[in-house]
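> Input: one structure, supplied below.
The values are calculated or read from the model by the stated rules, or taken from the named source; none is laboratory data. Since the model is a prediction, treat every value here as computed from it, not as a measurement. Here the Cβ positions follow ideal geometry from the backbone for every residue, glycine too, while neighbour counts run over all protein chains shown.
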Amino acid sequence: MNLIFLGPPGSGKGTQAAKLSDKLGLIHLSTGDLLREAVKDRTELGKQAQEFMQKGELVPDALIVGLIQDKINSGKLSKGFILDGFPRTIPQAESLKSMLVESGVTWDKAICFNVDDNAIVTRMAGRRLCPTCQATYNVNVAGAMPKVEGKCDNDGAALTIRDDDKEEVVTHRLSVYHTQTKPIVDFYKQESLLVEIDADTNPDDVFNSLLDEIQVAK
Ligand code: AMP
């Protein structure tokens, strides 16, 4: 199964992608995680991406499309994938379509996780990240809190707050979502691939709605 996850920053699409990839053995490809890793490793891509990420801007299409093209070419996606955080602009959606067609890969659905802007700002204030395994938690969302305050459930590392989760950057990221990313929801609607899920609830309920939509047994 090949899926594209859409939704505003903080909509929980990363959490849902991690849960679903665990359940179905799909590759979870998060462009945000790949970029954060590149920044941490100080690669050429990381150096170029960092200034855009810190400001809450999108990284230029050419950089991101190249990254996804490499993953598709590597053949590692053949057992099924979830794209989380890509595409984010109409040119990225069009490039993805051509890359998949060229490689003979079909995709099943684009799932959009809807949450309103006020709820997003509250959520993002509570978001915590494990710097070691990239697991995400939320101290403001029941069901998404770490078992021990401030520590990762998987490896006990001290949880951190992402630079781009600070309130002024979040507000800017939301406006970037509405102007640049929201139009691709219509792109997938026109392709009859879009499923919309109300994600303004706890992660387990969202996951159950997701399983219903993709017709996977709970
Ligand atoms: P995320 O973790 O998905 O919220 O992504 C964090 C940041 O990485 C975004 O605010 C962008 O700066 C950058 N980013 C991630 N995915 C993309 C993409 N598909 N296109 C452009 N920039 C991206």
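> Pairs, please: C-beta under 6 Å, at least 6 apart or cross-chain, first residue touching a residue at least 12 places away in the same chain (Cβ under 8 Å) and in region 152-165, second within 16 Å of the ligand (Cβ to nearest atom) and in a strand (DSSP E or B)?
What qualifies is LEU159/ARG128; THR160/LEU129; ARG162/LEU129; ASP165/ARG127.
> What's the total number of residues in region 184-204 that are touching a residue at least 60 places away in the same chain (Cβ under 8 Å) and within 17 Å of SER11 (Cβ to Cβ)?
13
> Further question on the same structure: Hey, any hits in region 53-60 for a residue that's farther than 28 Å from ASP200 by Cα, modelled with pLDDT of 95 or more and over 14 Å from the mean Cα position of the chain (by Cα)?
We begin by selecting, within region 53-60, every residue farther than 28 Å from ASP200 by Cα; these are 60.
Remaining after also requiring modelled with pLDDT of 95 or more: 60.
In the following step, the residues that additionally are over 14 Å from the mean Cα position of the chain (by Cα) were identified as 60.
For region 53-60, residues farther than 28 Å from ASP200 by Cα, modelled with pLDDT of 95 or more and over 14 Å from the mean Cα position of the chain (by Cα): present.
> Among the residues of region 69-83, write down those that are at pLDDT 90 or above and either more than 11 Å from the ligand (Cβ to nearest atom) or at positive phi (or both). Explain how you work it out, then say what you get.
Of the residues in region 69-83, the ones at pLDDT 90 or above are 69, 80-83.
GLN69, GLY80, PHE81, ILE82, listed by residue number.
> Of ALA135, ALA119, ALA142, which residue is touching a residue at least 40 places away in the same chain (Cβ under 8 Å), within 14 Å of GLY12 (Cβ to Cβ) and loosely packed, with under 15 Cβ neighbours inside 10 Å?
Details: ALA135 fails: loosely packed, with under 15 Cβ neighbours inside 10 Å; ALA119 fails: loosely packed, with under 15 Cβ neighbours inside 10 Å.
Only one candidate qualifies: ALA142.
> Condition (residue is within 13 Å of the ligand (Cβ to nearest atom), out of contact with any Cys (no Cβ under 8 Å at 6 or more places or on another chain) and of a type outside the set (D, E, K, R)) applied to region 135-153: is it met by at least one residue?
Within region 135-153, not a single residue is within 13 Å of the ligand (Cβ to nearest atom), out of contact with any Cys (no Cβ under 8 Å at 6 or more places or on another chain) and of a type outside the set (D, E, K, R).
> Let me ask something additional. Confirm whether VAL105 is assigned to a loop (DSSP other than H, G, I, E, B), hydrophobic (A, V, I, L, M, F, W, C) and either within 16 Å of the ligand (Cβ to nearest atom) or surrounded by 13 or more Cβ atoms within 10 Å (Cβ to Cβ) (or both).
Working: assigned to a loop (DSSP other than H, G, I, E, B): yes; hydrophobic (A, V, I, L, M, F, W, C): yes; either within 16 Å of the ligand (Cβ to nearest atom) or surrounded by 13 or more Cβ atoms within 10 Å (Cβ to Cβ) (or both): yes.
Yes; evaluated as a whole, the condition is true for this residue.
> Give just the number: which of (1) small (Gly, Ala, Ser); (2) in contact with a strand residue (DSSP E or B) (Cβ under 6 Å, 6 or more places away or on another chain); (3) surrounded by fewer than 18 Cβ atoms within 10 Å (Cβ to Cβ) does ALA199 not satisfy?
Result: ALA199 passes all but (3).
> A follow-up question, please. Please state which of the following conditions GLU94 fails to meet, knowing it meets all the rest: (1) out of contact with any strand residue (DSSP E or B) (no Cβ under 6 Å at 6 or more places or on another chain); (2) of a type in the set (Asp, Glu); (3) exposed (fewer than 15 other Cβ atoms within 10 Å of the Cβ).
(3)
> Separate question: If I ask for residues that are at pLDDT below 90 and touching a strand residue (DSSP E or B) at 6+ places or on another chain (Cβ under 6 Å), which ones from region 97-112 would you list?
Matches in region 97-112: TRP107 only.
> Among GLY56, GLY46, GLY32, GLY66, which is the only one that is within 10 Å of the ligand (Cβ to nearest atom) and at negative phi? First the steps, then the outcome.
Numbers: GLY56 fails: at negative phi; GLY46 fails: within 10 Å of the ligand (Cβ to nearest atom); GLY66 fails: within 10 Å of the ligand (Cβ to nearest atom).
One residue alone meets the criteria, GLY32.
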